[in-house]
Amino acid sequence: MNRAFAPGKIILFGEHAVVYGRPALAVPVMQVQAKVEVLDSNAPGIWIEAPDVNLHAELSTLPATLPIASVIQSVFQHLNISRFPPLIVRVNSSIPVASGLGSGAAVSVALIRALSSALGCPLPDETVNALAYEAEKLYHGTPSGIDNTVITYARPVYFVKNQPIETFQVKEPFTIVIGDTGVSASTKEAVGAVRKLWEANSPYWEGVFDAVGRIVQQARRAIECGEVTLLGPLMDANHALLQEMTVSSPELERLVAAARLAGALGAKLSGGGRGGNMIALIRPDGQEQVAAALRAAGARNVIVTQVG
Ligand code: MEV
């Protein structure tokens, strides 16, 4: 049996603007993960078992545009294998779907690794990342590639679309609380909504994306210099620009406000928005208070993660 794991991710700064060439900062979240196991089978065909998304089917019966099916096909294609061996592909994930934590990219990355290993040709990170990016297009339409990149390399990433991967140093570790609104939201729709705004008035939105880019640069400097408290106001400023992009939601606003009131140094939505998760920067001793406030404000789940 071949087994692979991939973590979830959060975007610390720069979502949406990253689709338009501005930088963004993302880190892996090891507390949640996708697991894929590939087993030999006696039954013909490739059987996919993915209980989290209610999927139990043989590959050839699935539409080629279904991301899991397309990832499997792309691995065979990349390895020039045309006769598929009988296999069972088992997918389990603790990353909530459509929540901004990179569930689709994590399944793709774990699947590519487990399947290529099962076929005797484990693929290098660069290829895993490239194949996962192709699947991201099916999930998201016009993805920047940040999710598959941070999840493939499982390291903090300073990401600029179409540029070589760059990681960043975390001088002083800091703590982030992640609050899940429990509302699933399509990244494709959120990205599409921002595109409509941009198409209607691109000079204005280019200015907004530039402002996000400046926040990202300041945040990177603060993280690399260990000036962690500067990140709070930068998160708030980034969140205000995301609100302007119309990708917040009443549930996200409730959690962001609750975190700030409970003493978080800053808070923002994270990922595509319109639901999904928000993040808050907390002092090391503020964890219980902020987590409790998020739960009281309706968070479906709360994760505390250390960056660095
Ligand atoms: C999704 O995690 C981040 C977005 O910026 C989309 C993307 O970069 O592909 C909203």
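For region 176-192, the count of residues that are in the same structural domain as S108 (by TED's automatic domain parsing), out of contact with any Cys (no Cβ under 8 Å at 6 or more places or on another chain), acidic (D, E) and within 16 Å of the ligand (Cβ to nearest atom) is zero.
Scanning region 65-113 for residues that are part of a loop (DSSP other than H, G, I, E, B), surrounded by fewer than 16 Cβ atoms within 10 Å (Cβ to Cβ) and over 16 Å from the mean Cα position of the chain (by Cα) yields T65, L79, N80, I81, S82, R83, F84, P85, P86. Reported count of residues in region 1-20, each being open to solvent by 40 Å² or more (accessible area, probe 1.4 Å) and within 11 Å of the ligand (Cβ to nearest atom), is 0.
Just name the residue that is nearest to N92 (Cα to Cα) out of those in region 114-125 that are touching a strand residue (DSSP E or B) at 6+ places or on another chain (Cβ under 6 Å) and either surrounded by 19 or more Cβ atoms within 10 Å (Cβ to Cβ) or aromatic (F, W, Y) (or both). The qualifying residue nearest to N92 (Cα to Cα) is A114. All conditions in (1) open to solvent by 20 Å² or more (accessible area, probe 1.4 Å); (2) at pLDDT 95 or above; (3) within 13 Å of the ligand (Cβ to nearest atom) hold for A24, with the sole exception of (1). So in region 33-54, with the set limited to residues that are modelled with pLDDT under 95 and aliphatic (A, V, I, L, M), which one is surrounded by the fewest Cβ atoms within 10 Å (Cβ to Cβ)? Among them, the one singled out is A43. Here A193 meets the list (1) in contact with a His (Cβ under 9 Å, 6 or more places away or on another chain); (2) assigned to a helix (DSSP H, G or I) almost entirely, failing just condition (1). Checked against the criterion of being open to solvent by 10 Å² or more (accessible area, probe 1.4 Å), β-branched (V, I, T) and either within 16 Å of the ligand (Cβ to nearest atom) or not assigned by TED's automatic domain parsing to the domain that holds K9 (or both), region 254-272 has no qualifying residue. Please work out which residue is nearest to the ligand (Cβ to nearest atom), limiting yourself to region 276-286 and to residues that are in contact with a Gly (Cβ under 8 Å, 6 or more places away or on another chain) and not polar (S, T, N, Q). It comes out as G276. Among the residues making up region 129-169, those that are farther than 17 Å from G213 by Cα and of a type in the set (S, T, Y) are Y133, Y139, T142, T149, T152, Y153. Look at region 267-288 and say how many of its residues are assigned to a strand (DSSP E or B) and on the phi > 0 side of the Ramachandran plot. Matching residues across region 267-288 total 0.
Each residue in region 150-160 was checked for being under 17 Å from R220 (Cα atoms) and not in a strand (DSSP E or B), and 4 pass. Residues of region 242-253 that are assigned to a helix (DSSP H, G or I) and buried (at least 19 other Cβ atoms within 10 Å of the Cβ): L242, E251, L252. Here region 132-182 is the region considered, the condition is being without any contact (Cβ under 8 Å) to a residue 60 or more places away in the chain and among the small types (G, A, S), and the residue that is most open to solvent (accessible area, probe 1.4 Å) is G141. Across region 124-149, the number of residues qualifying as of a type outside the set (S, T, Y), part of a helix (DSSP H, G or I) and more than 10 Å from the ligand (Cβ to nearest atom) comes to 10.
The values are calculated or read from the model by the stated rules, or taken from the named source; none is laboratory data. The structure displayed is predicted, hence computed values, not measured ones. Neighbour counts run over all protein chains shown; Cβ positions are idealised from the backbone, glycine included. Keep in mind that these areas ignore ligands, DNA and RNA; they rest on the heavy atoms of the full protein, side chains included. Shrake-Rupley method; radii C 1.70, N 1.55, O 1.52, S 1.80 Å.
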